[in-house]
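The values are calculated or read from the model by the stated rules, or taken from the named source; none is laboratory data. Values in this document were obtained by computation on a predicted structure and should not be read as measured data. Cβ: placed from backbone, ideal geometry, glycine included. Neighbour counts: every protein chain shown.
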């Protein structure tokens with residue numbers, strides 16, 4: 001199946017087209033995409049439909065359809081360490097919510 005991955009910010013902006021199998025894990029997809037954009041996989045996350053995809057989930061388990069467009073986002077933007085926390089849902093997606101600041 002074909003997926004499109006957008007790197008929307010920074011010096012490595014662009015759109016990558018990759019062929020994957022539904023049983024590939026998100027980390028496998030991320031490693032392939034990161035090599036083409038020249039970024040370290042441990043510094044970014046893949047997102048689909050506004051949700052963070054869990055690295056250990058498969059494409060099929062995360063519900064990513066053929067021809068989907070994913071976003072490759074720096075972790076510092078989506079998980080600003082002091083301001084966000086995550087919650088894993090049963091679908092292999094993470095939800096990030098802003099903590100209330102006291």
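With respect to residue 46, is the statement that it is part of a strand (DSSP E or B) and surrounded by fewer than 15 Cβ atoms within 10 Å (Cβ to Cβ) true?
In short, no.
Check 33, 39, 5, 64 and return the single one that is assigned to a loop (DSSP other than H, G, I, E, B), modelled with pLDDT of 80 or more and under 12 Å from the mean Cα position of the chain (by Cα).
Checking each option against the conditions leaves just 64.
Restricting the first residue to the range 40-56 and requiring it to be without any contact (Cβ under 8 Å) to a residue 12 or more places away in the chain, which pairs with a second residue that is surrounded by 13 or more Cβ atoms within 10 Å (Cβ to Cβ) and in a strand (DSSP E or B) meet a Cβ separation below 8 Å and a spacing of at least six or different chains?
none
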